[in-house]
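Undergrad: Pasting in a structure now, in C-alpha cells, and then I'll have a few things to ask.
Where a number appears in this text, it was derived from the coordinates with a stated rule and is not lab data. Only a predicted model underlies this, so the values are computations on that prediction, with no experimental measurement involved. Here the Cβ positions follow ideal geometry from the backbone for every residue, glycine too, while neighbour counts run over all protein chains shown.
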C-alpha cells in the first residue's frame, strides 16, 4: 500500500508527536512508499505566510530527508479534483483525494471527510 500524507500528518511526523501508532508504524515501514503532495507543501506555505502555522525551514527538504517521495500535481489530478462531488470544499483536500484516486494511494489523515470519498484512508 502506498501512503499519501495529509498536510497535518506530515507535520506531525516531522514533529514526532500526535500520530496514531498504526499510522506511525505504516509510515516508518521501509518497504512502503510514502508520498507528500506538492499541494501539502503549498498549503503549509500559505498558512505560514498568513501566520496560521509555523514551519521551520523547508518542508520540502524535510519531507525528502524523511525518505518521502514528492508527488507533483498533474493535469489528470486537476481534472479528477474538479469532477469530485461537493462533499468537501477545501481545494487542498480535494486535490489529495484526486491524487489518491489517480495514484491508488491510501490517505493518512485524521480528517473524517476523506471517508466520504471513494478512497482508502488510514486514520492518524
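Undergrad: When the stretch 105-122 is examined, which residues are found to be out of contact with any strand residue (DSSP E or B) (no Cβ under 7 Å at 6 or more places or on another chain) and touching a residue at least 40 places away in the same chain (Cβ under 8 Å)? Quick ask: steps written out before the conclusion?
TA: To start, the set of residues in the stretch 105-122 that are out of contact with any strand residue (DSSP E or B) (no Cβ under 7 Å at 6 or more places or on another chain) comprises 111-113, 116-118.
111 - this is the single residue of the stretch 105-122 that is out of contact with any strand residue (DSSP E or B) (no Cβ under 7 Å at 6 or more places or on another chain) and touching a residue at least 40 places away in the same chain (Cβ under 8 Å).
Undergrad: Which ranges mark the helices (runs of 4 or more DSSP H) fully within the stretch 1-102 that have 3 or more residues being over 15 Å from the mean Cα position of the chain (by Cα) and on the phi < 0 side of the Ramachandran plot? Lay out the reasoning, then the answer.
TA: Values: elements: 7-15, 21-28, 38-49, 59-65, 75-83.
Fully inside the stretch 1-102 and qualifying: 21-28, 38-49, 75-83.
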